[in-house]
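Visitor: First the structure, which I've put down as structure tokens, then a few questions once you've had a look.
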Amino acid sequence: MQAPLLQLRTINKYYGRSHILKDISFDIMDGEFLTLLGPSGCGKTTILRCIAGLEDINSGDILLKGRSIKDLAPNKRNVNTVFQNYALFPHLNVYDNVAYGPRVKKSMSEKELRKRVADVMELVQMSGYEERMPHQLSGGQRQRIAIARALINEPDILLLDEPLGALDLKLRKYMQTELAQLQKQTKTTFVYVTHDQEEALNMSDRIVVISEGELQQMGSPREIYNTPANLFVADFIGDRNIKKVQLLEKNQEYCKVMLGRSIIDIKCSECVEGPYSTGETTILAIHMDKMRISCDEIPNSLSGEVRLIHYAGSQIRTEVDVDGEIITVVEYQRNNCDYEIGDKVSVSWEESGAVLLPMEEDAGESNA
Amino acid sequence: MNTKPKRFRIFYLSLFFVILYIPVLSVILYSFNQSPSTAQWTGFTMDWYKDLFQDRVIVEAFKISILVAVSTSILSAILGTAAAIGTLNVTKRMEKTINGVMILPLLVPEVALGVSLLLFFTALKLPFGYLTLVLSHSLFCVPYVYIMVQLRLKEIDKSIIEAAKDLGAAKWQIIKTIILPLIMPSILTASLLAVAISLDDVVISTYMAGPTSTTLPVHVFSMMRVGVTPKINALCTLILVGTFVIVGFSQFISKKSNQKESI
């Protein structure tokens, strides 16, 4: 196994008395697309700024290719940032913006530079815009120039701070694909910060989920989506029904739990390991879109009464009352039966869509 | 909207400006009057202007005024800008203190300032004249430059400076390639303002002027003792035009720079 490109080791950061980053440690592999995902204010941008050198860390270490860079000034680190608002130099035209890095570092001759600028401009599909001023460009175009300006330095790591945040939905979707392609094409390591889980799941090789300055989970989009490490991740990623259940029995393969009056089996390979003992209350989290409604009684299902049917474009959201607990089911088509409000139905789920999580102290029922 | 109050407002505003500018207009008018007395208008003439340019003392004073104004403007532009850039890297509290000390020279009464400068330069044994004029004028021009440049600096997006750092620029490179170009319009406007302020100053210049180096306003003041001649009217008209040109030019610069970067 190859050595990690960048290592963060128990990083702590305080602003005054508030503890912004709490013992953050993770590795970034060469050539991967890693996303830092979390709600706003969780510290993900601060991590990025610490890597870039725009913020100091209070304790811990940052190693780039095995060497500590924590005391290096930003201009001495071979990482570059694409800022949230692009931060193009307003008084310089596109060419001079892109050429800025090599020029201040005097790393190449003007002739060589001209060729390099042409190369990166082609890479971001902005050839021909060299003479424009930043204020003559649209948001998406500025975005590309900001990426070109960073990429021309051939950084070990490209840091992107919510670069798509200011764009409209359609352009954002398009740029997601573009960015992912660009990353594969340039084989540059991307560290991407976003609060948009869809963006993270679409683009990344690996995701680091952060909340309140703490690392919650790290893994592939699939792992993060299907096997959340804790309640926070389960609630933050995807739409889930999150319910308190009673653990009745636990064996090698299945956990038997009770929700309301229904007793159901949950496959244990999908459960988060925890010190569960029978009789304890735990959390059951099931993806809304991995559930099915059928009119007939089926084994290992929850039976309840349809309370509300909501047609939202391509999907149908149905609320089912199961012994006083509301379960929301998202379907893309009617599967087995035509049900109406008030009908008795059975709700089943794909085994991979359901997980059991340990109870946390302040765990409320966030989508009751 | 009622038209009556509107008409009244326009009338009031016009009256206001007429009263404000009539004295100024009368100076211009009488500078073209044939009669040396302001009592009557006897006809149009350019003689007073001709007289003006033949008066060697006035031309000499004018040259000194311009020389002092330009020197003052350059000196205070450099000092004021350096001070403003310097405050980028200090704490909020430190900045407030610096601001206070910076603006103090504007609050000290000019008469007091003049006396203290007189004592100070005498103690230093500096010869009164060009040098003392430039130094004392810079004293009250630096604050203007400092304030104007600092305002502009505050408008610069912090992430632009971070981006430059991130792309590998050292501190001096950031100042040279990013900060100075962005604040240049403000520096130019402030310099022009400094020229105008320096050209205009009477009180401090009266203290600082040497036996052979009198600035134009000080000379005008001494001419007045004999009485207002149309020559003074002509001189004032020229000063007026000069000031308008400077102010107009500075407006032009700031307008152009605003257009350029409305991101």
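Visitor: Show the residue pairs meeting these rules: Cβ distance below 6 Å; 6+ apart or different chains; first residue within the range A:123-151 and assigned by TED's automatic domain parsing to the domain that holds residue A:97 and touching a residue at least 12 places away in the same chain (Cβ under 8 Å); second residue polar (S, T, N, Q) and open to solvent by 10 Å² or more (accessible area, probe 1.4 Å).
Guide: Qualifying pairs under 6 Å: A:131/A:93; A:133/A:93.
Visitor: Quick one: in the range A:90-109, which of the residues that are under 32 Å from the mean Cα position of the chain (by Cα) and closer than 16 Å to residue B:165 by Cβ is farthest from the other protein chains (Cβ to nearest Cβ)?
Guide: Within the range A:90-109, the match that is farthest from the other protein chains (Cβ to nearest Cβ) is A:97.
Visitor: Which number in (1) of a type in the set (Lys, Arg); (2) more than 14 Å from every other protein chain (Cβ to nearest Cβ); (3) part of a helix (DSSP H, G or I) marks the one condition that residue B:152 misses?
Guide: Among (1) of a type in the set (Lys, Arg); (2) more than 14 Å from every other protein chain (Cβ to nearest Cβ); (3) part of a helix (DSSP H, G or I), residue B:152 violates only (2).
Visitor: Turning to a different aspect of this structure: If only one of B:132, B:81 is under 20 Å from residue B:188 (Cβ atoms), open to solvent by less than 20 Å² (accessible area, probe 1.4 Å) and in contact (Cβ under 8 Å) with a residue 40 or more places away in the chain, which one is it?
Guide: Matching residue, one of B:132, B:81: B:81.
Visitor: Next question, about the same structure. For the range B:84-114, which residues satisfy the criterion of being of a type in the set (Val, Ile, Thr) and in contact (Cβ under 8 Å) with a residue 24 or more places away in the chain?
Guide: If the condition is that a residue be of a type in the set (Val, Ile, Thr) and in contact (Cβ under 8 Å) with a residue 24 or more places away in the chain, then B:85, B:87, B:103, B:111 are the ones that fit.
Visitor: Could you say whether any residue in the range B:201-221 is small (Gly, Ala, Ser), in a helix (DSSP H, G or I), open to solvent by less than 40 Å² (accessible area, probe 1.4 Å) and more than 10 Å from chain A (Cβ to nearest Cβ)?
Guide: Checked against the condition, which is being small (Gly, Ala, Ser), in a helix (DSSP H, G or I), open to solvent by less than 40 Å² (accessible area, probe 1.4 Å) and more than 10 Å from chain A (Cβ to nearest Cβ), the range B:201-221 yields at least one hit.
Visitor: I've got another one for you. Working only within the range A:127-146, note down all residues that are more than 20 Å from residue B:174 (Cα to Cα) and either crowded, with 20+ Cβ neighbours inside 10 Å or within 14 Å of another protein chain (Cβ to nearest Cβ) (or both).
Guide: A:132, A:135, A:136, A:137, A:138, A:139, A:141, A:142, A:143, A:144
Visitor: Now for a different question. Go through (1) surrounded by fewer than 23 Cβ atoms within 10 Å (Cβ to Cβ); (2) in a strand (DSSP E or B) for residue A:36 and report which single condition fails.
Guide: The number of the failed condition is (1).
Visitor: Conditions: (1) hydrophobic (A, V, I, L, M, F, W, C); (2) open to solvent by 10 Å² or more (accessible area, probe 1.4 Å); (3) modelled with pLDDT under 85. Residue A:255 meets all but one. Number of the miss?
Guide: (2)
Visitor: Return the only residue of B:25, B:79, B:13 being in a helix (DSSP H, G or I) and within 30 Å of residue B:181 (Cβ to Cβ).
Guide: Going through B:25, B:79, B:13 in turn, the sole match is B:79.
Matching residues to (1) among the β-branched types (Val, Ile, Thr); (2) open to solvent by 10 Å² or more (accessible area, probe 1.4 Å); (3) touching a Ser or Thr at 6+ places or on another chain (Cβ under 9 Å):
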site: B:150; (1), (2), (3): no, yes, yes
site: B:158; (1), (2), (3): no, yes, no
site: B:172; (1), (2), (3): no, yes, no
site: B:175; (1), (2), (3): yes, yes, no
site: B:183; (1), (2), (3): yes, no, yes
site: B:223; (1), (2), (3): no, yes, yes
site: B:229; (1), (2), (3): yes, yes, no
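Quick grid of which residues meet (1) open to solvent by 10 Å² or more (accessible area, probe 1.4 Å); (2) at pLDDT below 90; (3) closer than 23 Å to residue A:26 by Cβ:
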position: A:152; (1), (2), (3): no, no, no
position: A:159; (1), (2), (3): no, no, yes
position: A:166; (1), (2), (3): yes, yes, no
position: A:181; (1), (2), (3): yes, no, no
position: A:188; (1), (2), (3): yes, no, yes
position: A:192; (1), (2), (3): no, no, yes
position: A:207; (1), (2), (3): no, no, yes
position: A:210; (1), (2), (3): no, no, yes
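Visitor: In the range A:191-304, which strands (runs of 3 or more DSSP E) lie fully inside it and hold 1 or more residues that are within 20 Å of residue A:350 (Cα to Cα) and in the same structural domain as residue A:340 (by TED's automatic domain parsing)?
Guide: The strands (runs of 3 or more DSSP E) meeting that bar are A:240-250, A:254-259, A:262-267, A:281-287, A:291-294.
Visitor: Based on what the data block shows, is residue B:91 under 30 Å from residue B:176 (Cα atoms), more than 30 Å from the chain's Cα centre (by Cα) and not charged (D, E, K, R)?
Guide: Here the answer is yes, as residue B:91 does meet what is asked.
Visitor: Same structure again: Give the residues of the range B:82-108 that are under 16 Å from residue B:140 (Cβ atoms) and outside any helix (DSSP H, G or I), sorted by residue number.
Guide: Residue satisfying the conditions is B:108 alone.
Visitor: Do you know which of the residues in the range A:66-89 that are among the small types (Gly, Ala, Ser) and without any contact (Cβ under 8 Å) to a residue 60 or more places away in the chain is nearest to the other protein chains (Cβ to nearest Cβ)?
Guide: Looking at residues that are among the small types (Gly, Ala, Ser) and without any contact (Cβ under 8 Å) to a residue 60 or more places away in the chain, I get A:87.
Visitor: Residue A:48 passes all but one of (1) open to solvent by less than 10 Å² (accessible area, probe 1.4 Å); (2) over 26 Å from the mean Cα position of the chain (by Cα); which number fails?
Guide: Tallying (1) open to solvent by less than 10 Å² (accessible area, probe 1.4 Å); (2) over 26 Å from the mean Cα position of the chain (by Cα), residue A:48 fails exactly one: (2).
Visitor: Quick check on the range B:32-43. Is at least one of its residues of a type outside the set (Val, Ile, Thr), assigned to a helix (DSSP H, G or I) and open to solvent by 70 Å² or more (accessible area, probe 1.4 Å)? Let's see the steps before the verdict.
Guide: Residues of the range B:32-43 that are of a type outside the set (Val, Ile, Thr), as a first pass: B:32-37, B:39-41, B:43.
Still in the running and assigned to a helix (DSSP H, G or I): none.
No, the conditions are met nowhere in the range B:32-43.
The values are calculated or read from the model by the stated rules, or taken from the named source; none is laboratory data. These numbers were taken from a predicted model, which means no experiment stands behind them. Using ideal geometry, Cβ is built from the backbone for each residue, glycine included, and neighbour counts are taken over all protein chains shown. These area figures cover heavy atoms from the full protein model, side chains too; ligands, DNA and RNA do not enter into them. Shrake-Rupley method; radii C 1.70, N 1.55, O 1.52, S 1.80 Å.
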